[in-house]
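What follows is calculated from the coordinates using simple rules that are stated; it is not laboratory data. None of the values given here were measured: they were computed from a predicted structure. Neighbour counts run over all protein chains shown; Cβ positions are idealised from the backbone, glycine included.
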Amino acid sequence: MLSTLPKSWLPISAVILISFFISACQSTPSASDPVRGSQATNVPSTPLEIKVVVVTMFEIGEDDDDKPGEFQMWKEGQNLNTRYAFPMSHHDIYVNEDTGVMGIVTGMGTAKAAAAIMALGLDPRFDLTHAYWLVAGIAGVDPQDASIGSAVWANWLVDGDLAHEIDAREIPKDWKSGYFPLFSVKPTQGTKETVQALNGEAYQLNTQLTKWAYELSKDTALSDYPAMYELREKYLNYPNARKRPFVLIGDHMAAATFWHGKLLNQWANDWSDYWTNGQANFVTSGMEDTGSYQSMIYLDNAKKADKSRFMVLRAASNYAMQPDSLTAADNLAMESGENGYAGMQSALESAYSVGSVVVNNIIANWPQYKDALPYEAEKVTPDEDTLHELMTPSAAPVDAKLSAEELIKSLKLCGHVEGGFYRQTFKADHRPVLHTENGDRVNMTSIYYLLSAKSPIGHFHMNRSDIMHYFHVGDPITYYLLNQDGTLETHVLGPDPTQGHEMQMVVKGGTWKASKISTTGDYGYGLIGEAVAPGFEYEDMQLGKQTELVSSYPQYSDLIKKLTR
């Protein structure tokens, strides 16, 4: 549904005002949304196990099919269709009960976010003890570090509100600001003393988990729009601000005041440096995340949640300061006008496309990641019962069917951005590279690729390279190819050539491809291999946007709508 975003945006002031009224607008359940647990006292006998909680902060209007805020893409893209009443917070909860993914909307500001996380953590309807938490929202960005549309994984959360302040009209002449740290008596510059953030001035997240999420998602293709290019070009002295959107690691400043401008941008850098003893680099600004994480600390103390599984991903909708050609006031007025933020559309898409890579991977590897963090999963030693089971000869016949879960685990597959599961098995990096118009590429790469009844669609996408597909085992997989001449080809890759199945199939570069498996097949999955030449790189892959594909292939609009996100 990424392509359904509007070309223009409400003024940011309107966005904020509308968001304050969302809880009232959404108090009546939609007829299409099944409602569970209308009261918190309706506790199921077995709490629903949640694998991932996606935390968003605002939604502009309805949750579906209108101008999206932070929540809408997650609801649609992750099929969060079961609604749980949540009167003790800003917005009802939505869950995909099959995958264990939950989405919430906290409301804007530190207080609402902290209250929502705490209320959820204490809700007896859900088992959150092993859940991963992903904050996925928009933010301002320091143009010294990144461009609008970029997605930033945070190691540090720094609070910009806990401070002393003297009105600027009353500060001593040698002070650069009247805003200075708690327990000091004047602005602090370049102190060499170790600072302890004992009152929530700064929090360090699980840096190993941040690094894992970044490595998994760093090659995600991010959207770019003409208005973004025009704005980027104004930041002449900021090379990173002029780049196309990209994924990076940086640190986040949370403050209830919506601040803007070059001087405050420098303050945010100094403040982050001070409270983390030089470890944090301010990159993104928002409001809520220190409050959310403080609630996580308390829930962790109560054994209700695991704070080491908390991740923050912020995507840049606007720059935190003006370009050299404008004043801070003029720039803020332009961004708050009729067109809003130039990077808003891209930022919403980036938060989903980058975050969903991580969410899908966690779901695909839940048997390993439930009890061990992803970067530790391969180090986990099976318990005695599991070891005994592995060493006991099986009485099952030799041709017994493996389950999708067994294949995913044994082949070490992880979630793919297009849907399904994969693992790269070969990369020809021992041979000379090929020089292509898009850069140097190895001669060939190869992967396993699996569709299952729980993830039955490989959504429309295009690769620049040619790909040979080899059927391995399971149910037949139907492929739909949209050619450049406007024709549609349908192929069935499967095990039985007497039924018209192909056991090998080539898809040439530049062809739109989607795949689908029956959810009621004999096996519940189909496993293939793919050889890609020249070798695969994410920047050579393009995910299909529904509106654009329908415009190019209107005669196949029904098929495209079913096989795009």
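Test of understanding: express the Cα radius of gyration of segment 108-154 as a ratio to 2.2 N^0.38 Å, with N the residue count. Let's see the in-between values first.
Working: Rg = 15.0 Å, N = 47, 2.2 N^0.38 = 9.5 Å.
For segment 108-154, the normalised Cα radius of gyration is 1.57.
Can you tell me the convex hull volume per residue for segment 521-565, based on C-alpha atoms, in Å³ to the nearest whole number?
Numbers: hull volume 6.3 nm³, N = 45.
For segment 521-565, the hull spanned by Cα atoms encloses 139 Å³ per residue.
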> If you take the charge dipole of the chain about its Cα centre, with +1 on Lys and Arg Cβ and -1 on Asp and Glu Cβ, which of PHE471, TRP275, PRO47 is farthest toward its positive end?
Replying inline: TRP275
> Per residue, what volume in Å³ does the convex hull of the Cα atoms of segment 300-343 enclose?
Replying inline: 138 Å³
> What residues qualify as long-range amide H neighbours of PHE426, i.e. H under 5 Å apart, gap of 5 or more or another chain, H built at 1.01 Å from N?
Replying inline: SER446
> What list of ³J(HN,Hα) values in whole Hz, one per residue of segment 483-495 in order, does the Karplus curve 6.51 cos²θ - 1.76 cosθ + 1.60 (θ = phi - 60°) give from phi, with Gly and Pro shown as x?
Replying inline: 7, 5, 7, x, 8, 10, 10, 10, 10, 10, 8, x, x
>> Please list, in order along segment 233-250, the HN-Hα scalar couplings obtained from phi with the Karplus expression 6.51 cos²θ - 1.76 cosθ + 1.60 (θ = phi - 60°), rounded to whole Hz, x for Gly and Pro.
In response: 5, 6, 8, 4, 9, 10, x, 5, 5, 9, 6, 5, x, 8, 9, 8, 9, x
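Over the chain, what relative contact order in percent results from Cα pairs under 8 Å that are six or more residues apart? Before the final figure, lay out each step's value.
Details: 1251 pairs, mean separation 82.9, N = 565.
Answer for the chain is 15 percent.
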> segment 49-164: percent of C-alpha pairs farther apart than 26 Å?
Replying inline: 23 percent
>> Can you bin every Cα-Cα distance in segment 173-275 into 5 Å intervals starting at zero and give me the percent of pairs per bin, rounded to whole numbers?
In response: 2, 8, 14, 16, 17, 16, 13, 8, 4, 1
> Taking a temperature of 37 °C and a viscosity of 0.692 mPa s, what whole-number D in µm²/s does Stokes-Einstein yield for the chain with Rh from Kirkwood over alpha carbon pairs?
Replying inline: 129 µm²/s
> So what is the 222 nm mean residue ellipticity for the chain from helices alone, if each DSSP H run of at least 4 adds -39500 (n - 2.57) and you divide by all residues, rounding to the nearest 500 deg cm²/dmol?
Replying inline: -7000 deg cm²/dmol
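Which links in LYS112/LYS211; LYS75/LYS243; LYS218/LYS409; LYS75/LYS545; LYS218/LYS545 stretch past 19 Å when you go from one Cα to the other?
Values: LYS112/LYS211 28 Å; LYS75/LYS243 30 Å; LYS218/LYS409 24 Å; LYS75/LYS545 17 Å; LYS218/LYS545 21 Å.
The answer is LYS112/LYS211; LYS75/LYS243; LYS218/LYS409; LYS218/LYS545.
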> Can you list the residues, at least 5 places off or on another chain, whose amide H is less than 5 Å from the amide H of VAL442, using H built in the peptide plane?
Replying inline: LEU434, GLY535
> If we restrict to alpha carbons, what Rg and Dmax does segment 428-548 come to, in Å?
Replying inline: 15.0, 45
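Taking each pair of different alpha-carbon atoms in segment 251-353 once, compute 1/r for the pair, average those values, and report the inverse of that mean as the Kirkwood hydrodynamic radius in Å to one decimal.
On the way: mean 1/r = 0.0644 Å⁻¹.
Hydrodynamic radius (Kirkwood, Cα pairs) of segment 251-353 is 15.5 Å.
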>> With +1 assigned to the C-beta of every Lys and Arg and -1 to the C-beta of every Asp and Glu, and no other charges, what is the dipole magnitude of the chain about the Cα centre in debye, to the nearest 20?
In response: 380 debye
>> Can you compute 3J(HN,Hα) from phi for each residue in segment 532-548, using the Karplus curve 6.51 cos²θ - 1.76 cosθ + 1.60 with θ = phi - 60°, rounded to whole Hz and x for Gly and Pro?
In response: 10, 9, x, x, 5, 9, 4, 6, 8, 10, 10, 6, x, 9, 4, 5, 5
> Label points 7 Å out from Cα along the Cβ direction at ASP161 and ASP558: separation in nm?
Replying inline: 5.3 nm
